[in-house]
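> Got a structure here, written out as structure tokens. Questions coming.
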Amino acid sequence: MNNFKPLNISGLAAAIPIIQGGMGVGVSLSSLAGAVAAEGGIGVISAAQIGFNRSDFSSSPFKANLDALALHIKKAKKIARGGVIGVNIMCAVTHYADYVKCCVENCADLIISGAGLPLNLPELVKGSAVKIAPIVSSAKAASVLLKMWDKKYGVTADMVVVEGPKAGGHLGFSAEEVKKEFDPVPIISEISAYEEKYNKKIPTVFGGGIFDKGDVEHYLSLGFAGVQIGTRFVTTEECDAHENFKLAYVNAKQEDVIITKSPIGLPGRALNNAFIQKLSAGEKIESCRNCIANCNPKTIPYCITNALINSVMGNIDQGLVFCGSEVHKINEITTVKKLMKELGA
């Protein structure tokens with residue numbers, strides 16, 4: 001038995017306060033999310049270009065993505081055996097509202113949304129049982145968003161995910177801020193005012209750089225209700241990524257982890273590889289698939305969709321391999337059950 005308190009999200013309960021981070025493209029789909037939820041945590045599907053391996057993706061990417069999202073939610077819930085299934089949807093993605101609607105229609109339990117502030121999310125889930133959780137990286141972002149939701153919609157968050165600078169993938173920090181020490185605790189205080197106003201507990205979850213049971217216990221001791229972990233779940237048998245992607249994590253050294261720039265200028269943490277080296281040399285790679293709303297095909301150095309699809313399908317040298325700061329500590333591929341037990345579940 002674990003000694004952790006369950007994670008309660010406005011009546012939605014997970015026995016283990018561990019959320020598996022949503023990782024796209026195609027890294028966390030129904031297999032991984034369902035397995036984590038079945039073990040008592042919260043499994044999260046990434047909606048980012050989720051239809052990448054469907055036959056109609058090139059000709060009809062939007063339809064392929066919606067069809068795949070609906071399918072993966074249903075599959076994950078079946079695997080989860082009553083466990084909690086969430087979907088991570090980036091605010092910056094094209095057709096954001098349609099992906100939210102798809103989650104509602106297919107009975108996802110939770111929507112986690114970052115890469116910008118999900119300003120209209122309450123309106124999009126109104127009347128449904130879906131819980132909503134924004135991702136923030138500062139007390140200011142939490143304050144601005146919750147104040148706006150309160151004023152415009154008369155609602156507040158069901159949960160808030162605080163993502164620190166040691167997380168993998170896109171980061172809500174400048175390149176300079178990534179290098180600085182980060183204190184996430186003040187964000188909890190920012191949220192407490194809305195707990196009082198709405199007379200409900202708003203669990204705050206921390207993600208970024210969490211590797212072992214000691215890290216989990218540390219953030220719980222600071223007052224967080226749970227943790228979000230991504231990188232550790234990549235090297236599980238149930239993870240939806242190609243074996244080559246997992247082995248890139250297993251073989252990674254600390255010096256391989258770098259901060260790179262996405263096509264729209266956001267800093268992101270990834271593994272240094274042949275693809276990154278081509279970018280550093282100023283090479284322009286491939287065209288744009290219009291997956292991000294404010295992406296300009298004329299100015300971007302590469303298409304992030306193509307880069308992430310290459311890597312998740314095993315073509316590591318031609319792809320972008322996002323990772324967390326502690327990836328170098330991983331030395332084996334395990335199972336979700338074993339990893340959850342190791343983390344204290």
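> For the chain, what's the relative contact order in percent, using C-alpha pairs closer than 8 Å and at least 6 residues apart?
RCO, the chain: 18 percent.
> What's the local net charge at Ala193, with K and R +1, D and E -1, over the other residues with C-beta under 10 Å away?
-2
> Grab the other residues whose beta carbon is less than 13 angstrom from that of Ser143, score K and R as +1, D and E as -1, and report the net.
+1
> Going by a ≥ b ≥ c, the root eigenvalues of the Cα gyration tensor, does segment 31-140 fall in the rounded group (a/c under 1.5), the prolate group (a/b larger than b/c) or the oblate group?
oblate
> For the chain, what class follows from the C-alpha gyration tensor (a ≥ b ≥ c being the square roots of its eigenvalues): rounded when a/c is under 1.5, otherwise prolate if a/b is larger than b/c, else oblate?
Since a/c stays below 1.5, the shape of the chain is classed as rounded.
> Compute the relative contact order of segment 78-176 as a whole-number percentage, counting only Cα pairs closer than 8 Å that sit 6 or more residues apart in sequence.
This gives 23 percent for segment 78-176.
> Quick one: dipole size for the chain, taken about the Cα centre, charges +1 on Lys/Arg Cβ and -1 on Asp/Glu Cβ, in debye to the nearest 20.
600 debye
> Select from Leu110, Thr94, Gly82 the residue farthest towards the positive end of the dipole of segment 73-119; place +1 on Cβ of Lys and Arg, -1 on Cβ of Asp and Glu, and compute about the Cα centre.
Gly82
> Can you give the relative contact order of segment 122-273 as a percent, counting alpha carbon pairs under 8 Å and 6+ residues apart?
After rounding, I find 22 percent.
> Considering only Tyr153, Phe206, Cys239, whose Cα is most displaced toward the positive end of the charge dipole of the chain, charges sitting on Cβ of Lys, Arg (+1) and Asp, Glu (-1)?
About the Cα centre, the residue reaching furthest to the positive side is Tyr153.
> Now a separate question. So for the pair Ala97, Ala281, with labels modelled 7 Å out along Cα→Cβ, what separation do we get in nm?
Label at Ala97, label at Ala281, 4.5 nm between them.
> Also, quick follow-up: With the crude spin-label approximation of a point 7 Å out along Cα→Cβ, what separation in nm comes out for Val185 versus Asn272?
Spacing of the two 7 Å Cα→Cβ label points: 3.5 nm.
> What full-extension length gain, to one decimal in nm, is calculated for Leu222 and Asn331 as 0.36 nm per residue of separation minus the Cα-Cα distance?
36.4 nm
> For the chain, with the dipole built from +1 on Lys and Arg beta-carbon atoms and -1 on Asp and Glu ones, taken about the Cα centre, which of Ser174, Gly26, Leu71 lies farthest toward the positive end?
Farthest towards the positive pole: Leu71.
> If r is the Cβ-Cβ distance from Lys151 to Ala70 and R0 is 30 Å, what FRET efficiency results, to the nearest 0.05?
Rounded to the nearest 0.05, the efficiency is 0.35.
Laboratory data are not the source of any read-out in this text; all were calculated from the coordinates shown. No experiment lies behind these values; they were computed from the predicted model shown. Every residue, glycine as well, gets a Cβ built from its backbone with ideal geometry; the counts of neighbours run over all protein chains shown.
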